[in-house]
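Q: Here's a structure for you.
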Amino acid sequence: MTIHQAIQALDTLQPNPYGNREKLRWLCALEARIYDECRMQNAECRIGAATKKRGHSAFSQLHFDGWELPKKPPVFDGWETRDLGEPLLLPAAHEEVYLLWLMCQVDFMNGDWGRYNNSAARFNTAFAEMARSLNRRRGDTGVRARNY
């Protein structure tokens, strides 16, 4: 899924007054979260916190069925620097995470707390399933996900 496809899917399913710049900022925030949780080094071993094993970082070869975490984190440094045709981080099996995140952000910004609670619960479920799925496919890297 590309940035444009995610934004277009949101606008089709949940029309909203927010511009592409704001939606891109939301997507970048989610991608940074995914990246951090897949890459961050800490003792808790979140989705991808590295551990030292056999003398090397567990993330030296982090990939799942052809999906590989990029070397640099995604950043939002302005609308002009992101190509809307650029693919998002997660593999196709977990594209729903992006749409649910965007829906959650729209509901929050609208102050529609009933819908926000529903979309947040759906997003959290999809995000947790994504974490479990990536951990099941990770191979023996010593990486573990923590359920929230």
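Q: Return the pairs, sorted by first residue and then second, in which the second residue is surrounded by 14 or more Cβ atoms within 10 Å (Cβ to Cβ) and of a type in the set (D, E, K, R), the first residue lies in segment 113-129 and is in contact (Cβ under 8 Å) with a residue 24 or more places away in the chain, the beta carbons are less than 6 Å apart, and the residues are 6+ apart or on different chains.
A: Pairs found: A126/E96.
Q: Here is a further query. Could you please let me know if F123 is closer than 20 Å to M1 by Cα, in contact with a Cys (Cβ under 8 Å, 6 or more places away or on another chain) and at pLDDT 60 or above?
A: Details: closer than 20 Å to M1 by Cα: yes; in contact with a Cys (Cβ under 8 Å, 6 or more places away or on another chain): yes; at pLDDT 60 or above: yes.
Here the answer is yes, as F123 does meet what is asked.
The values are calculated or read from the model by the stated rules, or taken from the named source; none is laboratory data. Since the structure is predicted, the reported quantities are computational estimates derived from the model, not experimental observations. Heads up, the Cβs are rebuilt from the backbone with ideal geometry, glycines too, and the neighbour counts pull from every protein chain shown.
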